1. Any chance region 35-42 includes a residue that's of a type in the set (V, I, T), within 12 Å of the ligand (Cβ to nearest atom) and in the same structural domain as G79 (by TED's automatic domain parsing)?
2. Restricting to region 61-96, and then to whatever is under 16 Å from T29 (Cβ atoms) and hydroxyl-bearing (S, T, Y), can you tell me which residue is farthest from the ligand (Cβ to nearest atom)?
3. Taking only pairs six or more apart or across chains, which ones have beta-carbon atoms under 8 Å, a first residue in region 31-58 that is free of Cβ contacts under 8 Å to residues at least 12 places away in the same chain and under 11 Å from N78 (Cα atoms), and a second residue that is of a type outside the set (A, V, I, L, M) and in a helix (DSSP H, G or I)?
Amino acid sequence: MIQKQIKALKDDIGSFDPLVNQGTAPNITIKMPDESTFPDNELGTAIRRGLFLVNNSYEELPDNVGNRLNCTSCHLENGSEAYAAPWDGLTGLFPL
Ligand code: HEC
């Protein structure tokens, strides 16, 4: 049963992104700023707090998260992993 579901999911993903499905997608490395470069001011404090929240979401925000997931359960490597819903460059997209 589960094998059938996995195959159906893989087939479905393949229809969205045939390159990933064929294993020929480019190997992309996303470089995020190192924590040591966060400014030592209010902005840096806000960035550190945000990084903490995305890694400790359900424990820190129990009224907002109804499961035991952190943002980085899906957005791997603090949102820097290609093909795992990366956050790189998002500040340029919002507000939509
Ligand atoms: C269960 C998995 C999962 C969790 C947990 C999750 N996300 Fe996502 N998120 C996704 C997926 C999948 C997308 C869609 C990615 C796409 O369309 O490229 C997405 C999209 C986004 C986007 C929009 C990206 C874009 O390209 O417009 C943002 C911002 C985001 N998530 C932030 C968060 C934050 C902050 C949290 C925690 C509060 C979180 N996500 C938790 C899976 C998740």
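1. No, that holds for no residue.
2. Filtering first and then ranking leaves S80.
3. Listed pairs, sorted by first residue: F52/E60.
The values are calculated or read from the model by the stated rules, or taken from the named source; none is laboratory data. Because the structure is a prediction, the values reported are computed rather than measured. Glycine gets a Cβ as well: all are built from the backbone with ideal geometry, and neighbour counts include every protein chain shown.
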